[in-house]
1. Out of (i) 11.4, 35; (ii) 16.4, 58; (iii) 11.0, 31, which label holds the value of Rg and Dmax of the Cα atoms in Å that was computed here?
2. Hey, what did region 21-62 get for relative contact order, percent, Cα under 8 Å, at least 6 apart?
3. Which residues in region 1-31 place their backbone N less than 17 Å from a point set 7 Å from the Cα of R48 along the Cα-to-Cβ direction?
4. With the dipole of the chain worked out from charges on the C-beta (+1 for Lys and Arg, -1 for Asp and Glu) around the Cα centre, which of L53, I66, V30 lies farthest toward the positive end?
Amino acid sequence: MASIVLRVRLISGDQLDVTFEEAQVADDVVVERAVAALSGDTGTLRCRHGDRLLVLYARGVAALEIAPRGAVL
């Protein structure tokens with residue numbers, strides 16, 4: 001399972017570190033799928049923040065930083 005950490009900067013100025021995972025794909029494919037999901041018609045991304053499952057809505061996101069590891073969850 002490929003997993004990436006997204007540091008999400010919200011329009012309000014707050015930031016949030018979340019994990020996005022996909023089964024049986026490379027890390028670079030996971031990045032492309034995350035960006036495609038947020039730029040798609042629905043603009044949603046299912047991800048995790050610690051033990052919590054959450055849905056990230058693109059309309060509240062100002063920026064994304066993507067790292068394979070390093071962000072604190």
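1. Comparing each candidate, only (i) matches the computed number.
2. 26 percent
3. From region 1-31, the list is 1-7, 17-25, 27, 30-31.
4. L53
Since every read-out is calculated from the coordinates, none of them should be taken as a lab result. Predicted model, so just to flag it, every value in this text is computed and none were measured. For neighbour counting, all protein chains shown are included, and Cβ atoms are generated from backbone atoms with ideal geometry for every residue, glycine included.
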